[in-house]
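Accompanying notes for the structure given below.
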Amino acid sequence: MVDTNFFINNGPFTLQQIAEICDAELKNAEKANVAISNVSTIEKAGEGEICFFYDKKAKAKGAEIKAEACVTTAELAPFVAENVVVLISANPKLAFLKLNSRLYAEYQPRADIASSARIHPSAIIGQNCSIADHVVIGENVKIGDNCVIEAGAVINRGCQIGNNCRIGSNASVSYTIMGNDCFIYNGARIGSDGFGFMMISGQHKRIPQVGRVIIGNDVEIGANSCVDRGALDDTVIGDGCRIDNLVQIAHNDKLGRGCVVVAQTGVAGSCTFGDYVVCGGQTGFADHLTIGSGAQIGAQSGLMRDVEPGAIMMGYPAVGIKDFMRQTAYLQKAAKGDKK
C-alpha cells in the first residue's frame, strides 16, 4: 500500500472508471461499481486493490493473485485466479502508468518564498513559484512560472530557467539556459568547470571553461549527477533526455533528443550523441566520439570508437552485439576445454 505520508491517494475509483482510465475492457460488467483504493503488486494485492499482470514468463503466478481486480492481456487472462475481476488491456504497462498517475500524486509545496531564501534584487521570479529555505538566487537570474526551488539549492548569476521546472534540494545550477518542464534532482551539479588542464613547465594549468550548459524542454537529470559547462562551445542536453543518478556528462558533450543515460555512466568531453541513444549502467565513453541515433550501449561497456546509428554494442572495448556473443561463447568453450 502506498504511504499517504508521502503521496496523495485520489481514490477510490470504480472499476468502470479504471477501465476508462486504462483504456481497458472490463470483462465482468456487473462489477462496474466495485471500488478500488490502491494499486499493488501481484504478490501483495488484496481486497479493494488492483494489480497488473503482463509477464509471460510468470504465468504460474496468475493463479496466486488475491487482488480484487487485475489488468492483463487477453493471452494471460485465462491464467488469472478465478475470483479476480479481469480487465483486458492491449498494453498493461501503459495502463499501469495511466492509473498510477491518476490515483497517486505528490504533495506540492504552496507558492511561497521562504524568509531565509536570498534572492538578488535583479533576479526575476515568475508567478506561482515555491522557493524553499536557504535557497540562493544570484544576479540577473530569470525563473519562469510554476517553478519549485527546493531547500538549499543555488542558482548562480545569469541563469535562465523555464516554466514548470523543479530544482532539487542542494542542487546547484550555473552558466545554464534551461527550457520548460525540467527536473534537476537533489544534489546535481549543472554548469561546473569542465575538466580542462594543460601541462606547462611541469604543472597542470587550468584552461578557462567559458561555454555554457544548454538544457532543452522536458529533461530530467538525476541526483548527484554532473553536467559540466563547455570549454568554449556549449554542452547541450536535448529535449526529453533522461539522465539517471551519478552520471558524468563532460564539457562540450551534445546529447540529441530523448537519450537515456543510466547510472554511473561517464561521457568524456566533446562526444556527440544522436537522438534516442540508450546507455546502460556504468558505460564509459572516450572523448570526441559520435554515437549515432538509436544506438544501444550495454551495461559496463567501454566505447573507444564511433558507433553507427541503430547499432547495439556491448563489451570492453565495445563491439557489435553479435560479435560480443561470439566472443563470450568462444571463451566459455575454451574454458571448458581447459578443464579437460
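When DSSP beta bridges are restricted to pairs lying wholly in region 212-335, around 5% turn out antiparallel.
Among the listed pairs LYS61/LYS322; LYS44/LYS98; LYS56/LYS336, which are separated by more than 24 Å between their Cα atoms? Intermediate values should be presented prior to the final figure.
Details: LYS61/LYS322 34 Å; LYS44/LYS98 20 Å; LYS56/LYS336 33 Å.
The pairs that break the limit, which is 24 Å between Cα atoms, are LYS61/LYS322; LYS56/LYS336.
Can you tell me the FRET efficiency between GLN127 and ILE21 if r is taken as the Cβ-Cβ distance and R0 is 41 Å, rounded to the nearest 0.05? The calculated FRET efficiency here is 0.85. Each peptide among 145-155, 36-46 gets the average number of other Cβ atoms lying within 10 Å of its residues, and from highest to lowest they stand as 145-155, 36-46. Ranking of MET199, MET325, MET313 by neighbouring Cβ atoms within 10 Å, starting from the fewest: MET199, MET325, MET313. Cβ-to-Cβ counts within 10 Å put THR73, THR4, THR272 in ascending order as THR4, THR73, THR272, the fewest first. Every Cα-Cα pair in region 171-322 was counted, and those over 24 Å apart are 28% of them. Summing charges over all other residues whose Cβ lies under 14 Å from the Cβ of ASP145, with Lys and Arg as +1 and Asp and Glu as -1, gives +1. The ARG118 and LYS336 beta-carbon pair, evaluated with R₀ = 45 Å, returns a calculated FRET efficiency of approximately 0.10.
Averaged over residues, the count of other Cβ atoms within 10 Å places the peptides 295-308, 156-169 in the sequence 156-169, 295-308, highest first.
Dividing the C-alpha radius of gyration of region 1-61 by 2.2 N^0.38 Å, with N its residue count, gives 1.22. Take every pair of alpha-carbon atoms less than 8 Å apart whose residues are at least six positions apart; their mean separation over the length of the chain yields a relative contact order of 7 percent. With a simple spin-label model that places each label point 7 Å from the Cα along the Cα-to-Cβ direction, the separation between ASN245 and ALA58 comes to 2.2 nm.
What is the calculated FRET efficiency for GLN108 to ASN224, with r their C-beta to C-beta distance and R₀ = 22 Å, to the nearest 0.05?
Efficiency at R0 = 22 Å is approximately 0.40.
The helix-only estimate of mean residue ellipticity at 222 nm for the chain, built from DSSP H runs of length n ≥ 4 each weighted as -39500 (n - 2.57), is -3500 deg cm²/dmol after division by the residue total. If the segment from MET1 to GLU30 were pulled out straight at 0.36 nm per residue, it would be longer than the present Cα-Cα gap by 7.8 nm.
With viscosity 0.692 mPa s and temperature 37 °C, the Kirkwood radius over alpha carbon pairs of the chain converts through Stokes-Einstein to a diffusion coefficient of 142 µm²/s.
Assuming a ≥ b ≥ c are the square roots of the Cα gyration tensor eigenvalues, decide whether region 213-268 counts as rounded (a/c under 1.5), prolate (otherwise, with a/b larger than b/c) or oblate. Note, shape of region 213-268 comes out oblate. What's the center-to-center distance, using Cα atoms, between region 99-130 and region 268-308 in Å? Each part reduced to its Cα centre gives a spacing of 36 Å.
Rule-based calculations on the coordinates, nothing more; no lab input. Worth saying up front: this structure is predicted, and the values here are computed from it rather than measured. Using ideal geometry, Cβ is built from the backbone for each residue, glycine included, and neighbour counts are taken over all protein chains shown.
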